[in-house]
Amino acid sequence: MAEGERNPEEDGSQASGQAIVIELAPGDIAEVVLARIVGILASRAGLGVDRVTEALALAEALGAHSREIAGDDHFRVVATANNGDLCLTIGPVATGDAARLLQLETHPALGSVIERLADRVEVADRGGEVLELHLSGTSKLGPTA
Amino acid sequence: MIASVCRTGARGTRPVKDGGRSTPVARPKMTEPNGFHPELRLALPAVPENVAIVRHALGGLVDVMGGAEGVEADVKLAVTEACANVVVHAYGSDGGGSMQITAAVDDRTLEIAVSDEGRGMAPHIEGPPGHGLGLPLIATLSRGLELSTRPEGGTDVRMSFSLDRSEGIEATGGD
């Protein structure tokens, strides 16, 4: 494989294993469609109802800022749902954009909403910078009233 | 091999869309090698539980694009049938394959392609026979339907829908 070429097995562009590759026009489409897909996957992963709601909020936050990250390109997410764990890998994005995405949706009291909602956040190099988010079964915001 | 299906019904027979495009909408475009400009592209394992994901994703797209009443239901049912065909027939008993879905909106026409890398549409002895209703149903619900099998293997089902008018069966009032 030529240098710089994507490895489909690594980046999930060919739906390897149980990975679902999602590429969406940025903006409203990304916000609505990504939330619908993530909601199903969060349920499939066996997350509790509070956590599913938080996964939806996370997906909407990602989609809402998709244009700032993707520009005129598509917004790309690779999603995997395993028992008790939902993993969303956003990218590849331009260098620095993974960290920037975390700061695009902030709350005065909570800080980065994405970091607050995800159990694990990692900026990694997978043949290009990606933002990897994991959600598991425990709500990060505590029980709802 | 390319097979085209014309829709027939109360509104008459219409030829399959010829691929000619009018002025693109002002929206960022993801251009495919075949000239398709998808708003949405999914690649996912061809397993039954993923059909629901495609169904909801396409429903969301129609919702965002302001589809007329009935269009979302038509699209969801048609893509469900197309994806179910992939899950049941494309990979035989081996399973383990994937399906790709692309959707593009151009001049208030939604074009959807459901593709697989399976064994094509030639008659197969093994595997579930199905009821033979899927493709006629898609043809009824869509404005146009085009089926093609790639020489290297795999099938493409391309369907188009008007976002402004449902092609589905209309309710008729009793006299």
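Amide H contacts under 5 Å for A:Asn82: A:Cys87, restricted to partners 5 or more places along the chain or on a different chain, H placed in the peptide plane at 1.01 Å from N. In sequence order, the range A:23-39 has phi-based couplings of 10, 10, 4, x, x, 4, 4, 4, 5, 6, 5, 4, 4, 4, 5, 5, x Hz under the Karplus curve 6.51 cos²θ - 1.76 cosθ + 1.60, θ = phi - 60°, and Gly or Pro positions carry x.
Selection among A:Ala61, A:Val113, A:Gly84 by position relative to the dipole of the range A:25-135 gives A:Gly84 as farthest towards the positive end (Cβ unit charges, Cα centre). Database remark: amide H of B:Gly118 closer than 5 angstrom to the amide H of B:Gly154, B:Thr155 (H placed geometrically; neighbours at sequence offset of 5 or more, or on other chains; Pro and chain starts carry no H). For the range A:25-135, what class follows from the C-alpha gyration tensor (a ≥ b ≥ c being the square roots of its eigenvalues): rounded when a/c is under 1.5, otherwise prolate if a/b is larger than b/c, else oblate? Verdict is rounded for the range A:25-135.
Our coupling estimate for the range B:60-74, obtained by passing each phi through the Karplus curve with A = 6.51, B = -1.76, C = 1.60 and θ = phi - 60°, is x, 5, 4, 4, 4, 7, x, x, 5, 4, x, 5, 4, 5, 4 Hz, Gly and Pro reported as x.
Bear in mind that the values in this text are calculations on the coordinates, not laboratory data. If you're wondering where the values come from, they're calculated on a predicted model, not measured in any experiment. Every residue, glycine among them, receives a Cβ derived from its backbone with ideal geometry; neighbour counts consider all protein chains shown.
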